[in-house]
1. Over all distinct Cα pairs, what is the inverse of the mean 1/r for the stretch 329-383, reported as the Kirkwood hydrodynamic radius in Å?
2. With a 1.4 Å probe and all protein chains left in place, how much of the accessible area of the stretch 147-197 comes from carbon and sulfur atoms, in whole percent?
3. Rounding to the nearest 20 debye, state how big the charge dipole of the stretch 269-352 is about its Cα centre with +1 on each Lys and Arg Cβ and -1 on each Asp and Glu Cβ.
4. Could you pull out every one of the lysines with an alpha carbon less than 27 Å from that of residue 174, ignoring same-chain neighbours closer than 8 positions?
5. Does the stretch 334-418 come out rounded, prolate or oblate, given a ≥ b ≥ c as the square roots of the eigenvalues of its C-alpha gyration tensor, rounded meaning a/c under 1.5 and, failing that, prolate meaning a/b above b/c?
6. Where does the Debye-calculated log10 I(q)/I(0) of the stretch 237-346 sit at q = 0.16, 0.20, 0.23 Å⁻¹, using only Cα point scatterers of equal weight, no solvent?
7. With charges set only on the Cβ (+1 for Lys and Arg, -1 for Asp and Glu), what does the dipole of the stretch 332-377 come to about its Cα centre, in debye to the nearest 20?
8. Which whole-percent values make up P(r) of the chain when all C-alpha to C-alpha distances are grouped in 10 Å steps starting at zero?
Amino acid sequence: MTRRTDIDVRPITEAEFADWQRALNTGFLMPPAVGAEQLEARRNLFVPGRSLGAFDGERCVATFRSFDQQVTAVGGTPVQADAISNVTVTATHRRRGLLTRMMAQDLAAAKDRGDVVATLIAAEYPIYGRYGFGPATTMTEWTVDVPRAGLDARWAAPEDGGRIDLVDGEDVRKLGPELHERLRRVQPGAVSRSELWWQIRTGVVSTDGTPWTEPFYAVYRSADGEVEGMASYRADARWGDAKQPLNTATVDWLLAVTPDAERALWRYLCSIDWVMTLKSGWRAPDDLLPHLLPDPRAARITTQADWLWVRVLDVVRALEARTYEGQGSLVLEVVDRGGLTGGRWRLEAGADGASCTPTTESAHLVLDVAELAALWLGDESAVRLAALGRVREERAGAARVADALLRTSRRPWCPDMF
């Protein structure tokens, strides 16, 4: 067995990119051989210095990639983030501290750059808490039994004077970024989408080398012609023995900046001829969809799980970036085994903003940086975490004070996988 110290962890070079991709495929149980077309397609995601590899001799045995991102804090402020993806360790090289070394190197660089948080979507739950990440949003997917939903089959257009239009990928690239920015300004947990994101989702750029099949794109325009919603969806072609349609429509993504737009797009998707089943894609756990149907039980939850994980790198900037539901003060003792941002802080919050300053006062609430991350976007409850033994009250009632300040009226949501 190669000693840990003999395995080199470093940013990969262009010449090592193919071996890095083989290790990435191996880690995600995909065919390890990477064809020339697939390799060239994946180069679109390569950022020099931000893709790390662990090398045992000449072979790459672990992968790690990060890139610049913004995540929306409660209240709409965009916060600079270090987005982490493509994390693998080959099964032959587990338990040698390779992920720990790659994570430490990347987070230290992110801290030096001035990033406020790091983010990721966790394939496995138990891995990332030990690096200070906490689950900050939840994702829910519904499957709608369309005939049972109780909707009027004669529906033909939105009742609010708006309209639904089908468009192509070029229209999406023109209209989508501005619509997404409007949503991102008001949706805690939403993350930025680059120009490359829109090119990949409309077939201009490939990252896997497979032939592009264009989905359907629907745009909602309000009565005054303003684009307020958009959806990408696909449909299969399945028929029963008695020549009855059994088709399923699957939503890739749906954006809406007004309830009217959201209502109109879901109503449209449930009205498409032959569609008996609708899969919602990744939605917020308090999404309006079920209760837009006359029979909400027609929408059953088929997936519900943690989604965006956050690692706080700067406690002061993270807590001062967001707004607060109530007014009050709290002394937090943040424990950070990674040594990046631990300390004791006084948070003073109110309608006019917040200040977070170092203090030597006695702590009201003691928590790990991972639990702070879970609380930061307003989805988790400090009272709940206290009951689980994951935060400790040093002053009676401190967890309730934290909930009154930190929790939000609508749950945070990250629409994206990365």
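The values are calculated or read from the model by the stated rules, or taken from the named source; none is laboratory data. Because the structure is a prediction, the values reported are computed rather than measured. Here the Cβ is made from the backbone with ideal geometry for all residues, glycine too, and neighbour counts use every protein chain on show. Only protein heavy atoms, including side chains, enter the accessible area calculation; ligands, DNA and RNA are left aside. Shrake-Rupley method; radii C 1.70, N 1.55, O 1.52, S 1.80 Å.
1. On the way: mean 1/r = 0.0848 Å⁻¹.
The answer is 11.8 Å.
2. On the way: 1390 of 2950 Å².
Exposed carbon and sulfur together represent 47 percent of the surface.
3. 280
4. Partners found: 279.
5. rounded
6. The Debye formula, applied to the Cα set alone, gives -0.88, -1.11, -1.30.
7. Dipole size: approximately 100 debye.
8. 4, 19, 27, 25, 18, 6, 1, 0
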